[in-house]
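These notes concern the structure reproduced below.
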Amino acid sequence: MKQLIVAIFALTLFSSCYKQVDGTTATTTTTDTTKTTNTTPPKVRFFNVMDYGNVYPHLNTINVGGVALYYPTIYQTGVVGTNNIWVTFGSDTILNQNVDLVAGKNYSCFVYRIGYNWMLSIVSDDLTVPATGNAEVRVLDFRTQAWFSYIGINLFSPGSSPLIFNNRNFLDHESYSSYANFNTVIAGTYTLTLFTSTANLLTKSNVVLASTKIYTIVLLTQASLTAAQALQAINVDIEQNYQ
């Protein structure tokens with residue numbers, strides 16, 4: 001009898017152990033396939049790069065207000081996906097178009113004119129804060145009166161390697177999107193020189209690029225000048241992209 005009880009106990013124990021690993025009773029781990037979607041609204045700031053007077057941009061239902069040359073707006077909040085941008089000048093609506101903006105991104109929207117046609121140029125702004133001791137800078141060329149003239153830009157500060165932008169011309173960032181990217185430089189005081197293959201066009205001293213800050217250098221020309229005149233009278237606007 002004792003042997004029979006032991007045998008029954010052993011059989012029961014074996015059966016219990018087997019059930020713990022049986023495919024029909026084992027615990028199934030459910031994989032969570034839910035993906036996190038970035039819904040942070042994009043933001044846009046507006047530049048007027050023409051010297052005709054104020055333009056008045058609107059972003060969807062937001063009336064941005066008058067935008068003068070050299071005075072860009074703060075970043076305005078848009079929506080993920082399609083956004084309507086329309087711009088008035090005087091009593092006329094000069095632009096009305098839809099643009100797609102990506103969640104979590106920041107943009108600069110430049111309003112410019114070629115002949116009688118008004119247009120927009122929208123570039124992405126990476127506002128990642130530079131490391132302490134560094135700054136970020138880029139050059140965008142909006143020389144509408146000398147668009148076919150290629151120039152170079154040299155940023156130099158004693159003790160650091162010069163940052164040189166070769167063969168830049170009007171709206172080249174539209175064709176080469178990498179031209180709208182920011183470049184890392186050592187924070188400090190720089191001298192900016194514009195040049196062609198034969199001559200220096202302009203030198204601007206005491207250009208301060210502060211630690212952890214981000215800058216856009218915008219090249220402009222007066223609409224009243226001929227192309228030949230404009231090449232010798234380029235305006236340089238240095239704007240800080242506020243994070």
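The values are calculated or read from the model by the stated rules, or taken from the named source; none is laboratory data. None of these values were measured; they are calculated from a predicted model. Note: ideal-geometry Cβ built from the backbone for every residue, glycine included; neighbour counts use all protein chains shown.
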If you check Ser160 against the conditions, is it touching a strand residue (DSSP E or B) at 6+ places or on another chain (Cβ under 6 Å) and not in a strand (DSSP E or B)? yes
For Val208, only one of the following conditions fails: (1) in contact with a helix residue (DSSP H, G or I) (Cβ under 9 Å, 6 or more places away or on another chain); (2) part of a strand (DSSP E or B). What is its number? (1)
In region 132-145, is there at least one residue being within 16 Å of Asp237 (Cα to Cα), β-branched (Val, Ile, Thr) and at pLDDT below 95? yes
Hits in region 46-84 (condition: among the β-branched types (Val, Ile, Thr), closer than 12 Å to Cys109 by Cα and assigned to a strand (DSSP E or B)): Val67
Within region 186-211, restricting to residues that are β-branched (Val, Ile, Thr) and either at pLDDT below 95 or more than 25 Å from Cys109 (Cβ to Cβ) (or both), the one that is farthest from the chain's Cα centre (by Cα) is Thr198
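Going by the conditions given, is Asn169 closer than 20 Å to Leu225 by Cβ, without any contact (Cβ under 8 Å) to a residue 40 or more places away in the chain and under 22 Å from the mean Cα position of the chain (by Cα)? Outline the logic, then answer.
Working: closer than 20 Å to Leu225 by Cβ: yes; without any contact (Cβ under 8 Å) to a residue 40 or more places away in the chain: yes; under 22 Å from the mean Cα position of the chain (by Cα): yes.
Yes.
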Index of the failed condition, Thr88 passing every other in (1) in a strand (DSSP E or B); (2) touching a Ser or Thr at 6+ places or on another chain (Cβ under 8 Å); (3) under 30 Å from Ala227 (Cα atoms): (2)
Restricting to region 165-200, what's the tally of residues that are surrounded by fewer than 16 Cβ atoms within 10 Å (Cβ to Cβ) and in contact with a Phe, Trp or Tyr (Cβ under 9 Å, 6 or more places away or on another chain)? 7
Based on what the data block shows, is Leu127 of a type outside the set (Ser, Thr, Tyr) and assigned to a loop (DSSP other than H, G, I, E, B)? yes
